[in-house]
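Below: one structure, written as structure tokens.
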There are 4 protein chains.
Amino acid sequence: MNSLKHFKICAFALLLTLLSNTVHAQISNDISHEEALKVLLTAKKEAEKLGVLENIAVIDACANLKAFIRMDGSFLGSIDIAIKKAKTARYFNMATGDLGKISQPGGIVYNIELSNGGLITFPGGVPIKDENGTIIGAIGVSGGTIEEDHDIATVGANAILQ
Amino acid sequence: MNSLKHFKICAFALLLTLLSNTVHAQISNDISHEEALKVLLTAKKEAEKLGVLENIAVIDACANLKAFIRMDGSFLGSIDIAIKKAKTARYFNMATGDLGKISQPGGIVYNIELSNGGLITFPGGVPIKDENGTIIGAIGVSGGTIEEDHDIATVGANAILQ
Amino acid sequence: MNSLKHFKICAFALLLTLLSNTVHAQISNDISHEEALKVLLTAKKEAEKLGVLENIAVIDACANLKAFIRMDGSFLGSIDIAIKKAKTARYFNMATGDLGKISQPGGIVYNIELSNGGLITFPGGVPIKDENGTIIGAIGVSGGTIEEDHDIATVGANAILQ
Amino acid sequence: MNSLKHFKICAFALLLTLLSNTVHAQISNDISHEEALKVLLTAKKEAEKLGVLENIAVIDACANLKAFIRMDGSFLGSIDIAIKKAKTARYFNMATGDLGKISQPGGIVYNIELSNGGLITFPGGVPIKDENGTIIGAIGVSGGTIEEDHDIATVGANAILQ
């Protein structure tokens with residue numbers, strides 16, 4: 001047991017050292033967590049104003065989940081859809097509804113939804129751009145009609161510029 | 001084309017009806033999104049105070065993601081771990097570290113981590129209880145040492161009582 | 001059919017416009033594809049020098065696959081392991097073998113391998129740092145002994161500095 | 001502890017033996033890694049000439065990943081699509097676009113995209129043939145228009161004959 005304890009202390013010290021280095025790993029041109037919170041809460045406020053129950057996901061430039069909120073009573077199935085909408089918007093740097101227009105039967109990227117572990121190509125996912133037009137993340141909204149989802153996502157994404 | 005249009009209108013009306021009913025779908029004894037935000041932001045504030053870069057996930061009584069934030073520069077691998085810690089804590093109504101004590105080789109629930117799409121049984125996941133002691137959700141924290149993760153999760157969970 | 005053709009042309013023009021915008025989406029502090037190729041080919045050359053049959057994966061700062069090569073006759077099972085080693089090294093900003101030391105039974109992050117769709121925590125994955133020590137990606141090598149894999153990964157990662 | 005050490009030495013010796021045998025495991029009529037690199041870099045050069053940001057994947061006769069490169073700033077979602085295009089082309093020994101023509105609603109292999117963990121049946125995947133017309137692998141290209149992807153894939157595949 002003593003060697004195990006010693007091992008744990010060593011491992012702990014190792015981890016601390018490693019942790020102190022992670023600060024340097026943050027990439028630039030990426031949404032910060034404070035910006036992501038602002039986008040999230042702006043979208044939530046808009047949803048409340050319109051009386052729509054939404055799931056809202058914000059991802060970073062790497063398409064990793066950065067912030068999320070699920071409003072009480074919203075569709076259970078919309079958690080995954082909100083996240084997939086955000087990822088889809090970043091994966092192809094366009095609003096999900098625009099991709100959906102070209103993924104229909106006969107479209108140039110028919111069934112693209114089956115890639116990347118499942119994409120969502122109806123409206124509600126929107127890239128987030130900074131003041132230079134650089135894409136720094138994306139927002140995905142699911143729970144209302146596709147028009148409501150898209151509008152609320154857009155209001156959220158634009159919060160970054162204010 | 002007319003029947004498609006008709007179908008769309010019907011589907012839209014159905015969706016509206018469903019939406020108006022979803023408010024009643026909220027189960028009692030469940031964390032609200034405002035409470036989840038409070039838990040999340042309290043944990044984030046504690047992480048900032050301690051200078052630890054964390055991923056923080058809050059899930060509801062059904063173990064569905066309710067709120068999430070990922071601090072800038074934290075481990076990429078901790079997004080999934082924070083969510084899995086929260087789920088694990090709610091799946092078995094105990095702190096993840098307590099489950100980890102009995103999942104070791106020779107333990108009574110050896111390799112339980114392989115169930116449910118992957119559990120995390122080291123510290124950092126804590127059930128969230130209301131003032132009656134009823135479990136209404138859980139919080140999972142990942143990015144620091146396991147002691148830091150557990151402490152920050154506990155501070156977050158306790159925010160519900162204030 | 002005419003409207004479909006019209007639709008395709010519109011979609012095509014839309015895609016072209018979108019494509020012209022993607023150049024701005026590249027994040028800084030990230031490995032370039034020329035650097036990734038250099039890392040890959042340096043590691044391959046080292047493997048050939050040592051007479052080891054390797055799978056070599058290079059990922060970027062986002063942990064996305066950037067470059068890969070599989071040497072003739074190497075283990076089929078090592079394709080996935082090489083990629084997972086590289087991802088693991090970036091997910092936690094450390095050599096995979098260092099994470100493996102603390103994921104053993106009784107270790108502080110026991111069974112962490114079950115997160116993130118499967119991690120590999122034995123040696124062969126190494127972060128790639130630029131001249132400032134910033135982590136810009138990672139390399140994963142699989143096919144030889146764990147010592148060979150780690151050494152070849154290290155030689156590859158260091159190619160970025162030359 | 002001694003038996004563990006003994007076991008490790010045995011395992012090491014076994015591994016060495018296996019390694020020395022793997023050279024003979026290469027099947028004939030299979031693309032070599034040098035050929036795969038040639039295909040990859042020829043396709044990349046063509047993409048650069050046309051000013052298109054591509055993800056390029058080369059797989060072997062067994063449909064396993066052999067070589068890959070992801071150009072800076074290309075779509076994040078195209079990593080998986082490039083690999084899936086290459087696999088689809090080898091799974092059915094035809095250009096992906098040809099399969100897509102018969103997978104549309106009403107087509108003879110409608111929704112075949114749902115098999116094999118997800119196929120991509122729009123253009124950009126092309127079989128690689130040797131000078132005898134034997135299929136020895138496939139290439140998948142994603143990031144440009146479907147015409148660009150297909151043309152670049154074809155240029156890459158033809159590099160094997162020069």
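C:G106 meets each of the listed conditions (1) of a type outside the set (V, I, T); (2) within 10 Å of another protein chain (Cβ to nearest Cβ); (3) out of contact with any helix residue (DSSP H, G or I) (no Cβ under 6 Å at 6 or more places or on another chain) apart from (3). For the range B:98-112, does any single residue satisfy the condition of being within 22 Å of B:T42 (Cβ to Cβ) and modelled with pLDDT of 95 or more? No, that holds for no residue. The set of residues in the range C:81-98 that are facing chain B (nearest Cβ under 9 Å) and within 28 Å of B:I102 (Cα to Cα) comprises C:T88, C:Y91, C:F92. C:A43 fulfils the conditions (1) at the interface with another protein chain (Cβ under 10 Å from one of its Cβ atoms); (2) within 30 Å of D:S28 (Cβ to Cβ); (3) buried (at least 19 other Cβ atoms within 10 Å of the Cβ); (4) out of contact with any His (no Cβ under 9 Å at 6 or more places or on another chain) except for a single criterion, (1).
Table: residues versus (1) at positive phi; (2) within 12 Å of the chain's Cα centre (by Cα); (3) surrounded by fewer than 24 Cβ atoms within 10 Å (Cβ to Cβ).
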residue	(1), (2), (3)
C:R90	no, yes, no
C:S103	no, no, yes
C:I108	no, no, yes
C:I112	no, no, no
C:G117	yes, no, yes
C:F122	no, no, yes
C:K129	no, no, yes
C:A138	no, yes, no
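Give the residues of the range C:59-80 that are of a type outside the set (K, R), buried (at least 24 other Cβ atoms within 10 Å of the Cβ) and more than 14 Å from chain A (Cβ to nearest Cβ), sorted by residue number. Once the filter is applied, which keeps residues that are of a type outside the set (K, R), buried (at least 24 other Cβ atoms within 10 Å of the Cβ) and more than 14 Å from chain A (Cβ to nearest Cβ), the range C:59-80 yields C:A67, C:F68, C:I69, C:S74, C:S78.
Here are A:D80, A:D60, A:D98, A:D72: which of them is in contact (Cβ under 8 Å) with a residue 40 or more places away in the chain and of a type in the set (D, E)?
A:D60
Scanning the range A:101-125 for residues that are closer than 24 Å to D:D72 by Cβ, hydrophobic (A, V, I, L, M, F, W, C) and free of Cβ contacts under 8 Å to residues at least 24 places away in the same chain gives A:V109, A:I112.
The values are calculated or read from the model by the stated rules, or taken from the named source; none is laboratory data. If you're wondering where the values come from, they're calculated on a predicted model, not measured in any experiment. As a convention, Cβ positions derive from the backbone with ideal geometry for all residues, glycine included, and neighbour counts pool all protein chains shown.
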